[in-house]
């Protein structure tokens, strides 16, 4: 279940008058709109607000010929400024002078409202002298709506308390009339209906901008005040339920991730499938495939692994274990792709969609051994946060390409023919081995590097060959069930 889409569906029903039933006894919204205008006139006469150039002096209810959709009887269409006590304005255009929290006043910008709530955790602070100046222009107050007009445009947050703060030019202040339910207007502004209006008027290249003149054109469907309050109550009820679903999904996703980690841990310690005493011991297998290999320990020496298992170095079960080469790229020729770190997708699997391509004149410099094969284990070997990411290659991803070679930021682990590559991939993907690689990274904080020697000397717990395949079959079965659950959460 997509909880974001569900939230927007609730808002869409709300602004179309389909979330709660109408009450024919409610005062029509047209009367409410007249009262809002009367309130503005009173405040202007009392000198509490200035008359905007576009503030209407007439009491005529606005009529719109081309409305976006039909609203229920008792509702009216209006524009955002007609529902505000003061003209819609934005924060200071001056570059602020910042100070520390102890000596300053909170200063909010669009980056602090991206979650439709004011996030006070990482805000900045301005000097009290600048605050005194800015507060004379606009002093945000409780129930004001702050709308992001730069960066993450169209996201609104409501001021929920009376704390004192100032705002930057990236935010617009919308102050609802006292005759309007501010939470209703806040929810409407955050609906896809208003978002589409904002998006259609964005300007600028790169960093989008939403100008005040365009914000003021925003059309709003207005119900009677009593219905506004009923709508808000119903929205909040639904949103509490949706948040519980979202949290449950997050919890379940964490459980799925932890379960997969546990499955791999059980697998590499011989606890996922039962052992078969008739299987040829792994030590005998190792003697056959690599007589020079050193068995670092067997079951008699290492009780964490079952009988018939042994431990050896990764290099001893590989036919090829090496970093790729630094290629010369071609801008025009798209024949021979180069496998780079970004081809090991963050969310799993491999892809050549973002691959660059070899200069055809350099093909002879690449030995056959460097051409990737099905079963190759590809390990990212540079980069903070990416080094150690492990994926299993399959030539199915080649498409019409003749072959693909790895660049120097990727290590290739190619096991001997009598070793199951899927087992070794599962082993290297386990949390304990990922931690081993993380702990043995070299280089600075900004550029970590996994040297090939770390992989070569990695100890691997080796089961008999038949058990390797039983383990892989069990992992694939369990992971498939967990993936089905994961897909169900995304519907």
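The values are calculated or read from the model by the stated rules, or taken from the named source; none is laboratory data. Just so it is clear, the structure is predicted and the values come from calculations on it, not from any experiment. Backbone-built Cβ (ideal geometry, glycine too); neighbour counts: all protein chains shown.
The table for this structure:
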read-out: Residue 230 vs. criteria within 17 Å of residue 150 (Cβ to Cβ) and either in contact with a helix residue (DSSP H, G or I) (Cβ under 6 Å, 6 or more places away or on another chain) or assigned by TED's automatic domain parsing to the domain that holds residue 9 (or both); value: no
read-out: Check on residue 131, more than 25 Å from residue 179 (Cα to Cα), more than 26 Å from the chain's Cα centre (by Cα) and surrounded by 14 or more Cβ atoms within 10 Å (Cβ to Cβ); value: yes
read-out: Options 275, 247, 228; residue that is crowded, with 19+ Cβ neighbours inside 10 Å and at negative phi; value: 228
read-out: Test: residue in the stretch 183-200 that is in the same structural domain as residue 90 (by TED's automatic domain parsing), in contact with a strand residue (DSSP E or B) (Cβ under 6 Å, 6 or more places away or on another chain) and over 30 Å from residue 123 (Cα atoms); value: no
read-out: Hits in the stretch 163-181 (condition: without any contact (Cβ under 8 Å) to a residue 60 or more places away in the chain and in contact with a strand residue (DSSP E or B) (Cβ under 9 Å, 6 or more places away or on another chain)); value: 163, 164
read-out: Looking only at the stretch 373-391, and only at residues there that are within 29 Å of the chain's Cα centre (by Cα) and part of a loop (DSSP other than H, G, I, E, B), the one that is surrounded by the most Cβ atoms within 10 Å (Cβ to Cβ); value: 381
read-out: Yes/no for residue 108 being within 30 Å of residue 203 (Cα to Cα), in contact (Cβ under 8 Å) with a residue 24 or more places away in the chain and under 28 Å from the mean Cα position of the chain (by Cα); value: yes
read-out: Flag if residue 394 is touching a helix residue (DSSP H, G or I) at 6+ places or on another chain (Cβ under 9 Å) and either in the same structural domain as residue 319 (by TED's automatic domain parsing) or loosely packed, with under 15 Cβ neighbours inside 10 Å (or both); value: no
read-out: Selected residue (criterion: farthest from residue 465 (Cα to Cα)) from residues of the stretch 246-258 that are out of contact with any helix residue (DSSP H, G or I) (no Cβ under 6 Å at 6 or more places or on another chain) and in contact (Cβ under 8 Å) with a residue 12 or more places away in the chain; value: 252
read-out: Residue 236 being under 29 Å from residue 489 (Cα atoms), surrounded by fewer than 16 Cβ atoms within 10 Å (Cβ to Cβ) and at pLDDT 95 or above; value: yes
read-out: Residue match in the stretch 218-234 (condition: under 30 Å from residue 486 (Cα atoms), touching a residue at least 24 places away in the same chain (Cβ under 8 Å) and not in a helix (DSSP H, G or I)); value: no
read-out: Count - residues of the stretch 66-82 that are surrounded by 15 or more Cβ atoms within 10 Å (Cβ to Cβ) and assigned to a loop (DSSP other than H, G, I, E, B); value: 4
